[in-house]
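Take a look at the structure set out below.
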Amino acid sequence: MSAAVAAPASTDPVAPPPRWGVQASLIQPRQPAFWLFLVLLGIGGYLFLDEQSTMSQLPTALTMSWALVLIYAVPVALIVYRLDLFEREPKLMLAAALLWGGVIATSLAAQANGAWLSIMGKTLPLDVTANWGPAIVGPGVEETLKLMGVITLFLIVPDEFDGVMDGFVYGAMVGLGFTVVEDVSYFITASAAFGGGDATGPVVDTFLIRVVAGGMYSHVLFTAVTGMGFAYFVTQRKAGFSRRVLGFAACVVAGVSAHVVWNSPWMQSFLATTSGRPSTLQWIEYGLVKGMPFFVLLVVLVVLATRSEEKNFRSIVAGEPDPQVITEPEITSLGSLLSRRSARTAAGRLRGPMGSRLTGQLQAAQIDYAIIRSRVGTSIDPAMDAQRLKIRGIRSQLEALPLVAAPMGSSLPYAVTVPYGATGTAVAVASAAETLPEPVAAAVPVAAPQEVPPAWVPTHLVPPSGMAAWDAPDPSRPPMVNLPERLELMVESRAGAWALVRAINGWRGWVDGRRLVDRG
Amino acid sequence: MSSLPPDASDTSQSDAEDGSTDSTEFPRWAAPAVPPPWTGMGEAAKVPTFGVSDIRAEVEPAAAPAQPEPAATPAQPTAVEIPPGQAPYGQAPNGQAPWAAMAGPAEDRQPSLDRRRLMPTVAVACIVAAVVLGGLGLDKVLAAPSAGKVAVGNHVTIVAAPGWVRADEGGANGSAGVTLQQANAQLSVQALSYGGSASAALSDLESSVSSEADQVSFGDEQDGTISGRKVAMAGFEAVVSGSSSSGTVDGELICMIASGNAVVFEVVAAQGDLGTVVDDVKAMVSSVEVGQ
C-alpha cells in the first residue's frame, strides 16, 4: 500500500481547492436569474407546445422522430455526464440546461432567425443572403441564446461552476436540448415534404443525415466550447482578467466559427451528385471534413479540463493520513474513464466479477470522500470518518475476495491493480513492465504473523444501544469506550463470555461476547 | 459523555434482527461523535495502544473468566476524548438544539432578491431581448427594397411586394417572364397566351415541375377567383439537387387566366419558410394588370 497522499507539488498556494461538495439547488427564489429562467421557460414552453401540437398532425412521424432523437440523445447525455469525472453536476441543473436548449433557445431562435434573415435580405445583396444567411444568422442568433442559458444557470447557482469542465457539461447539455428539438422539427418537415403525409421513411433518412453523419458536430459541440470559455472566465480567477477575457473570447470565436463553417456553403462538392440525392456516405464525408477539426479541438479542451479536475481532486485529498482511504496510484487511475475501467477490469481479472464491482464501488466512494472533504473543509469531521469507514469496509471486502487465476500470458498494470486489490502487505510492488506474479503467491502474506494480523472480516455487530468495551477482560476496570450500535467488529478470540474484537482500523478491545450480534 | 447510557443489563435479549445489516450500509451513528475505533487513522494518539500480546498477558487462561456485568459495573464508562470540533453524542455543535442547524442565517430567510446578481441578470435579459425582439422590431421598421411595377410579358405587369427584387438581371435575356427574390424565397412569373382553363394550365405546370425535381409531391388543387379572375393553385414539396447543392423546398403553383393569357406563378422557399411569404405572393397575384 502506498503511503498517505501528499499534496501536489504544483498546487497553487493562493488558489483554494474547489468546493465540489457544496451542491446547491436550482430553486433559488432570491436569484433574479431564477425568475428570468422561469419567465423565458414559460414563453418558450408556450411556443414549444404550439409547435409540437402542429407536428402532432403527423403522429407516427412525430413518435418516430422523438424515438430516434432519444436513441442519440440519451447516450450523449450519459457520456457528457460521465466525462465530468469527479464532481457530477446536480441532475436538476442538468435538466434546466436541457430545457433551456430544447425549449427556450429553440423557440426564441425560430422567431429571431426569420427576422434576421429578412434584415439581411433587405440590407445585403440577395445572393449573399441566399448563400450565407444560414451561416451568419444561425450561429449569431443560436449561439448567443444558448450561451445566455449557460450564463443564466451560472447566475442562479454560481457555486456549481467549479472549473472549466462544468462549462463543458452545461454547454453540452444546452446544445443537446437544442439539437434534439431542432432535429425533431427537421424530421417532421421531411416527412411532410417527401411522404406527403404521416410517413416514417423520410424521418429515418433525415436522421441518417443529421444525426449519423453530423451528430458529433452539432450544437453539442458548439455550445460545449463556448460554455468552457465562459467557465474559464468565471472560475480561473488566479489567471489575470485580460487572460480570462481572452480565453473566453477565443472559445466563443471557436464555437461560433464551428457553427459558421457547418452552415456555410463551403465544401458542397462533397455532396455533388449526378442524379438523385447525396448518399449517406457522402453526408458522412461531408461531416468529417467540416466538423472533425472542431471536434478534435473539443476533445483537447476536455482533456485539459479533466487534467485540471484531477489536479483539484489531488489537492482536495492531499494530506489524508490513512493510506487505506486513497493512494497515489488510485488517484492516477481515477483520472479518466478509461483508466477507471482499466482498474475495474484488472480487479475483475484478479478477483472475479465481484472484485470488479467492488472496485467500482471503491472508486465511487473515494470520489464521494473528496466531495465531502471539499464541503467540510477539514479532514476531521464525522462525515469524513463515516466515509473513511465506508471506504475501508469496501476495501476489506475486496481484499477478502479469493484470487482467481489470471489468463495465461496476461499482463496487468500494477499501477492499476495493486491499489484496488492488494492488502498492502501481501503484494510486492513490481515495476509496471513486469507481469503479474502467480495469484496464489501474491495472496500469501509475506510479513510476520506478529506484525500482520489476519485480514479483517467483520463477523459481528455491536447491538442496538451500543456496548461498552474494556482494555482487558476485567469488569473491575472502567470501560474505556462505549461502542456505537451496529459497528462492525471481527471476533479474534474468546475467553469465557469475553470476546476480543477488532475494528476495521485495527483497534482492539474486550466486550461482552454474549451481546454481540452475529452478522450472519 | 458521562450521560451515556449504561449497557443493557438483560443480556439474554436477542439482537439477531440486525444480523442482516448490509456491510456497505453505514448507520447514522457515524455522523455524531466518533470514538476511537473508527476515528481517522491519523489521530493515532487517540487510538488505544494496547495490543493482543498485552491483553493476553493479563488474562489467565486457566482461570474461569469473570463474567462481564456491564449493568452491574459500578463505574460508568470513562469519558471519551472528543476530537476538537466535534460534538458529544446527542448534541449539535455549539450546543445548539438539533433543529437549530436547519434554520439558516436570518438573511437567508428574507425573500428579497439578491441585488448583487441583478445587473448581470438584467444584462442577460437585454441580450436575449435584443436578439429576439430587436430582430423582429428592426425587420419591421426597415424599409424593404422593391422591384416596383414589373413587366412580365404579353402586356402583363405585377407590382412586386416590399422586399422582393429582380433576380434575373432585369429580364435581359428577353424571355417572357420575370424572377423575383426575397431573402429565402423565389418567385417566377410568366405570362403566356393560353386558351384553356386555369385548371388545365395548372396541370401543365405540375408536369413541368415534376420533370425538373428529383422528388415532388403536390397537394390538392384549389380553384377560386382573385381580383375577378379565375385561379387554380396547388402546394408542393420537392427535392432539388444540382452539381453543387441539394435540398428540400416548399412551393406553391398558381395559375391565373387573364385576357387570353395564363399568368403562372411559381413560388419556392426554403423548407419551412413558405408561410412567411404567402401574404406577399397573394398581394402580387392580386396586382396583375393586363395592358393594351
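The values are calculated or read from the model by the stated rules, or taken from the named source; none is laboratory data. Keep in mind it's a predicted model, so treat the numbers as computed, not measured. Cβ: placed from backbone, ideal geometry, glycine included. Neighbour counts: every protein chain shown.
Points to keep in mind about this one:
- Screening A:516, A:487 for residues that are buried (at least 19 other Cβ atoms within 10 Å of the Cβ) and in contact with a helix residue (DSSP H, G or I) (Cβ under 9 Å, 6 or more places away or on another chain) leaves exactly one candidate, A:487.
- Total residues in segment A:457-468, condition in a strand (DSSP E or B) and either at the interface with chain B (Cβ under 8 Å from one of its Cβ atoms) or over 20 Å from residue A:396 (Cβ atoms) (or both): 3
- Filtering A:180, A:164 for residues that are under 26 Å from residue A:289 (Cβ atoms), more than 14 Å from chain B (Cβ to nearest Cβ), hydrophobic (A, V, I, L, M, F, W, C) and in contact (Cβ under 8 Å) with a residue 12 or more places away in the chain leaves a single hit, A:180.
- Failed item, numbered, when residue A:244 is tested on (1) more than 26 Å from the chain's Cα centre (by Cα); (2) free of Cβ contacts under 8 Å to residues at least 40 places away in the same chain: (1)
- Segment A:273-288 - residue that is crowded, with 19+ Cβ neighbours inside 10 Å and part of a loop (DSSP other than H, G, I, E, B) and, of those, modelled with the lowest pLDDT: A:277
- Meets criteria (modelled with pLDDT under 55 and surrounded by 14 or more Cβ atoms within 10 Å (Cβ to Cβ)) for residue A:426: yes
- When restricted to residues that are more than 14 Å from residue A:321 (Cβ to Cβ) and facing another protein chain (nearest Cβ under 8 Å), segment A:382-400 contains 8.
- Scanning segment A:261-272 turns up no residue that is aliphatic (A, V, I, L, M), crowded, with 23+ Cβ neighbours inside 10 Å and at pLDDT 90 or above.
- Whether a residue is among the aliphatic types (A, V, I, L, M), modelled with pLDDT of 85 or more, in contact with a Pro (Cβ under 7 Å, 6 or more places away or on another chain) and at negative phi was assessed, and residue B:133 does not pass this test.
- If you go through segment A:7-45 and pick out every residue that is at pLDDT 95 or above and more than 14 Å from chain B (Cβ to nearest Cβ), you end up with 1.
- Flag for residue A:117 being facing chain B (nearest Cβ under 8 Å), surrounded by 23 or more Cβ atoms within 10 Å (Cβ to Cβ) and in contact (Cβ under 8 Å) with a residue 12 or more places away in the chain: yes
- Residue A:331 being β-branched (Val, Ile, Thr), closer than 30 Å to residue A:372 by Cα and assigned to a loop (DSSP other than H, G, I, E, B): no
- Close pairs from segment A:48-65: first in the same structural domain as residue A:101 (by TED's automatic domain parsing), partner outside any helix (DSSP H, G or I) and surrounded by fewer than 15 Cβ atoms within 10 Å (Cβ to Cβ), Cβ under 9 Å, at least 6 apart: A:58/A:197; A:61/A:197; A:62/A:56
- Selection of segment A:469-479 for residues being facing chain B (nearest Cβ under 7 Å) and under 29 Å from residue A:325 (Cβ atoms) yields A:471, A:479.
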